[in-house]
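The values are calculated or read from the model by the stated rules, or taken from the named source; none is laboratory data. Because the structure is a prediction, the values reported are computed rather than measured. Positions of Cβ are generated from backbone atoms using ideal geometry, with glycine treated the same way; all protein chains shown enter the neighbour counts. These area figures cover heavy atoms from the full protein model, side chains too; ligands, DNA and RNA do not enter into them. Shrake-Rupley method; radii C 1.70, N 1.55, O 1.52, S 1.80 Å.
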Amino acid sequence: MKKIQILGTGCPTCCKMYDAVRELVAQQGVEAQGVVVEKITDVQQMMQMGVMSVPALVVDGKVLFSGRGATRDELKGLLGIA
Amino acid sequence: MNPQPSCCGASRAAVPPSAARRRALTVTAALLGLALWWPVYRSLDPLAAWLSFGLFGLDPQSHLGEAVRFFLYDGPKVLMLLVVIVFFVGVLRSFFTPEATRRVLAGRRRGVGNVLAAGLGVLTPFCSCSAVPLFVGFVTAGVPLGVTFSFLIAAPMVNEVALALLFGLFGWRVALFYAGFGLGVAIVAGWIIGRLNLERWLQPWVRQQLSMASAAGDSPHRSWAERLGFGRSAVRDIVGKVWVWVLVGVGLGAVIHGWVPEDFMIRVMGRDVWWSVPLAVLLGVPMYTNAAGVVPVIQALTAKGAALGTALAFMMSVIALSLPEMLILRKVLTWRLLAVFVAVVAAGILGVGWLFNALI
């Protein structure tokens, strides 16, 4: 269904965003069946996706947010969670 | 109180009332904050004096009295400056993205490219964790190696925290000089590295990337609400991380102010002590702290006789030649190229330090 990827190089900001997204998705419970949350640290993959500033949030191949850690509210809005 | 449930079909704005109210509150709070900022800022000096000598009853001539007054004045002063400057720079940076910068710099001639890259390095939002993807992204898009380096040198060195603190503790002239010299070092060092044609000293996997095309990223369109959000997050992230260091630095500065005798530093860090500049640069390499901790200490040292050029060289060295950053760059540069990078930047900083000592 939905594929959520968080791009980061391992710094604390990137890890925090990954954890926050995982938490938000888990909170959705049943509605989140089939949603995959992936963390990408390989720079070559980032290049292929056209992302240079991390952390970045990519949903179904589309880059929704990049450059800094998003707040919980921003993440909720981007992921379509109330 | 209206006992009946509200009508959902009414012609209300698309934004739910709670979010609109919250936004109105934040805007009001921000405007209020801005309006109050200046009068509060102006009153810090007399307030600090009154607190230390009036309320706490300390002797103005004593070591403790002087130290406490310094801390109570400079601590809040620096923090207030930080909040304002970080916010505005955050909003300013929301207009720039690495993707757009890359497009501007791709294929640029050296010289012009170096100048542009240094300037954009200051304005483009850049987190040090993006150093590797950004570096690879730039060189694979056709940004010349030297131009990329100008960007990478300018970005951490001429940062808003350093400028805010220099402005607050030394005045606008020193802040301007620092920015100018920082950009100068970035431009010249990047240009020199570019002239040396050291692409062959990049890590092999990066050189492989050079032969493959990379996808052009999209620059997202941003609303004003998002831009202000950038400013707010910047304050939360940066000031939130840095305020402890500021207080530690100001505390140390206060101790130096109160207890170190005047002209003490002249012997070691004075203007005529030519070897103090290279020593300062060397000392800066293994150290990593952000500008927040260093500037207040430098201010106190210069008040006791240390030469400003030496102090600024030390600061540039700490920020631009930090060991952690070099370890990150190791992923894309071989030892040789990294050594050249460090040598050229260190030479630039040395030059700036000596020049400053000679001029000021």
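In what sequence, largest accessible area first, do B:W354, B:W38 appear using a 1.4 Å probe?
B:W38, B:W354
Going from most exposed to least, what order do B:E262, B:E226 have by accessible area with a 1.4 Å probe? The partial results should precede the final answer.
Values: B:E262 120, B:E226 90 Å².
Largest accessible area first, the list is B:E262, B:E226.
Could you pull out every one of the aspartates and glutamates with an alpha carbon less than 19 Å from that of A:K16, ignoring same-chain neighbours closer than 8 positions?
Of all the aspartates and glutamates, those that pass the test against A:K16 - Cα under 19 Å, at least 8 places apart if same chain - are A:E38, A:D42, A:D73, A:E74, B:D237.
I'd like the accessible area for B:D59: 1.4 Å probe, protein heavy atoms, all chains in place, Å² to the nearest 10.
Spelled out: B:D59, probe radius 1.4 Å, area about 80 Å².
In whole Hz and in residue order, list the ³J(HN,Hα) couplings for the range A:35-44 that follow from phi through the Karplus curve 6.51 cos²θ - 1.76 cosθ + 1.60, θ = phi - 60°; x for Gly and Pro.
Couplings: 7, 9, 10, 10, 10, 10, 10, 7, 5, 4 Hz.
Taking a 1.4 Å probe, which of B:F71, A:F65 shows the most accessible area, and what order do the others take after it? Let's see the in-between values first.
On the way: B:F71 75, A:F65 35 Å².
Final ranking, largest accessible area leading: B:F71, A:F65.
Normalised by the number of residues in the range B:230-360, what is the relative contact order in percent for Cα pairs under 8 Å and 6+ residues apart?
Details: 162 pairs, mean separation 38.9, N = 131.
Averaging sequence separation for qualifying contacts and normalising by length gives 30 percent for the range B:230-360.
Which far-off residues, 5 or more places away or on another chain, put their amide H under 5 Å from the one on B:L58, with H placed in the peptide plane?
B:F53
Pairs of Cα atoms under 8 Å, at least six residues apart: use those to get the relative contact order of chain B, whole percent. It would help to have the intermediate numbers written out before the result.
Values: 485 pairs, mean separation 69.2, N = 360.
Rounded, it is 19 percent for chain B.
What is the set of long-range amide H partners of B:Q203 at a cut-off below 5 Å, with H atoms built 1.01 Å from backbone N?
Distant-sequence amide H within range of B:Q203: B:L333, B:T334.
Under a point spin-label approximation (7 Å from Cα along Cα-to-Cβ), what is the B:L44-B:F264 distance to one decimal in nm?
About 2.4 nm separates the two model spin labels.
Structure shown: which of A:K76/B:K241; A:K76/B:K331; B:K241/B:K304; A:K3/A:K76 lie over 27 Å apart, alpha-carbon to alpha-carbon? Present the calculation step by step, with values, prior to reporting the outcome.
On the way: A:K76/B:K241 24 Å; A:K76/B:K331 34 Å; B:K241/B:K304 29 Å; A:K3/A:K76 15 Å.
Among A:K76/B:K241; A:K76/B:K331; B:K241/B:K304; A:K3/A:K76, the Cα-Cα distance tops 27 Å for A:K76/B:K331; B:K241/B:K304.
What list of ³J(HN,Hα) couplings, whole Hz, do you get for the range B:39-54 from phi and the Karplus terms 6.51, -1.76, 1.60, once you set θ to phi - 60° and write x for glycine and proline?
x, 5, 4, 5, 8, 4, 4, x, 5, 4, 4, 5, 4, 6, 9, x
Of the candidates B:P296, B:P156, B:P133, which one comes out as most mobile in a Gaussian network treatment of chain B with C-alpha springs shorter than 10 Å?
B:P133
Express in Å², to the nearest 10, the accessible area of B:F135 obtained by rolling a 1.4 Å probe over the protein heavy atoms while all chains stay in place.
About 0 Å², rounded to the nearest 10.
Quick one: check the C-alpha center-to-center distance for the range A:20-82 versus the range B:129-160, whole angstrom.
About 25 Å separates the Cα centre of the range A:20-82 from the one of the range B:129-160.
Helix-only estimate, please: 222 nm mean residue ellipticity of chain A, summing -39500 (n - 2.57) across DSSP H runs of length 4 or more and dividing by its residues, to the nearest 500. Walk me through the numbers on the way to the answer.
Working: 3 runs with 31 residues, N = 82.
Estimated from H runs of four or more residues: -11000 deg cm²/dmol.
At a probe size of 1.4 Å, how large is the accessible area of A:E74, to the nearest 10 Å²?
Its heavy atoms expose roughly 60 Å² to the probe.
Each residue of the range B:75-91 in order: what ³J(HN,Hα) in whole Hz does its phi give by Karplus 6.51 cos²θ - 1.76 cosθ + 1.60, θ = phi - 60°, with x for Gly and Pro?
Each residue's phi maps through the Karplus curve to give x, x, 4, 5, 5, 5, 4, 4, 4, 5, 5, 4, 4, 5, 5, x, 5 Hz.
Going by amide H atoms built from the backbone, whose H comes under 5 Å of the H on B:G270, apart from near neighbours?
Residues meeting the criterion, in which the H sits 1.01 Å from N, are B:A307.
Express the relative contact order of chain A as a whole percentage, based on alpha carbon pairs under 8 Å and six or more residues apart in sequence.
Details: 115 pairs, mean separation 30.9, N = 82.
Here the relative contact order equals 38 percent.
What FRET efficiency, computed as 1/(1 + (r/R0)^6) with R0 = 25 Å and r the Cβ-Cβ distance, is obtained for B:D237 and B:L327, rounded to the nearest 0.05?
Numbers: r = 22 Å, r/R0 = 0.89.
The pair B:D237/B:L327 has a calculated efficiency of 0.65.
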